[in-house]
Amino acid sequence: MSNHQIVLASTSPFRKAILEKLQLPFSCCKPETDETPLKNESAIELVERLAQLKARAGFNLHPNNFVIGSDQVAFCNDEILGKPGNFENAFAQLSKLSGKAVKFYTGLALINPEGQLKSSVEVFEVHFRNLTSDEITAYLHLEEPYNCAGSFKSEALGITLFDKLLGDDPNTLIGLPLIKLCEFFRAFGFDPLIQKR
């Protein structure tokens, strides 16, 4: 393995858990970035720009390493869905999403030790069942997904809310597209499968 380290420019426990699947040593840092959308910026443009900003902020803190940045938004009916923050907002959000399809755009950026950057936006689509008020209430009390865009955790009990999921990589929905990340690593000459662990 090279002497270069891997740094995840995120404090998200979900992204950390996903990256642990590669069984490679890594550290985390908190990227200081302004996440305010730009005027007339699309959801896709927003997440790719923020993923790049986070990776660059992490690289400034940890130069000469591989640094990963990621960002995600949920999008439905031409509206970006934020994190609900509390039961009332989550109930309103899930009520609005009942019977609808939601697209999740996940921006991914990887900077190599020489400072070269690769980035992309991966799309994952969630189709909600028609949900009753009792189901929404029960789900929110059981899982309390108030810090999750879309008001659910697909990796846990949130799976009960869906008709189907469409996408290339289930990790994308949780917040870190591992298939694309591994592709970026290999393009930079670093194969996650054959590194010493």
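The values are calculated or read from the model by the stated rules, or taken from the named source; none is laboratory data. The shown structure was predicted, so the numbers you read here are calculated from the model rather than taken from an experiment. Every residue, glycine among them, receives a Cβ derived from its backbone with ideal geometry; neighbour counts consider all protein chains shown. Side chains included, ligands, DNA and RNA excluded: accessible areas come from the protein's heavy atoms. Shrake-Rupley method; radii C 1.70, N 1.55, O 1.52, S 1.80 Å.
Okay, here's what the table says:
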| item | result |
| --- | --- |
| The stretch 107-163 versus the stretch 166-196: alpha-carbon centroid distance in Å | 18 |
| With Cα atoms, 0 to 90° folded angle of helix 43-61 axis to the chain main axis | 40 |
| Stokes-Einstein diffusion coefficient of the stretch 87-195, Kirkwood radius over Cα pairs, 4 °C, 1.567 mPa s, in µm²/s | 84 |
| Whole-number percent relative contact order across the stretch 6-188, with pairs defined as alpha carbons under 8 Å at least 6 apart | 22 |
| Whole-number accessible area per residue in Å² for the chain, which is evaluated in the context of all protein chains at 1.4 Å | 50 |
| Projected label distance in nm at F162 and S27, using a 7 Å step from Cα toward the beta-carbon | 3.5 |
| Cβ crowding within 10 Å averaged over residues, with 70-80, 34-44 ranked highest first | 70-80, 34-44 |
| Accessible surface of the stretch 58-141, 1.4 Å probe, proportion on carbon and sulfur as whole % | 45 |
| Percent of alpha-carbon pairs separated by more than 22 Å within the chain | 48 |
| Cβ-defined net charge surrounding A90, 10 Å radius [Lys, Arg +1; Asp, Glu -1] | -2 |
| Residue-by-residue Karplus 3J(HN,Hα) for the stretch 119-134, coefficients 6.51, -1.76, 1.60, Hz, glycine and proline x | 8, 7, 10, 9, 10, 9, 10, 10, 9, 7, 5, 6, 9, 8, 4, 5 |
| For the chain, with +1 on Lys and Arg beta carbons and -1 on Asp and Glu, the positive-most of S27, N89, S70 along the dipole | S27 |
| Label-point gap, in nm, between E79 and S42 - each point 7 angstrom along Cα→Cβ | 2.1 |
| Amide H contacts of L81 (H built 1.01 Å from N, under 5 Å, at least 5 apart or other chain) | A74, F75, C76 |
| HN-Hα J in Hz across the stretch 171-184 - Karplus 6.51, -1.76, 1.60, θ = phi - 60°, x for Gly and Pro | 5, 4, 4, 7, x, 8, x, 5, 4, 5, 4, 5, 4, 5 |
| Mean separation of Cα contacts under 8 Å (6+ apart) over length of the stretch 1-90, as relative contact order % | 31 |
| Point-to-point label distance, S95-E35, nm (Cα→Cβ direction, 7 Å offset) | 2.6 |
| Under 5 Å, built H, 5+ apart or other chain: amide partners of C28 | L8 |
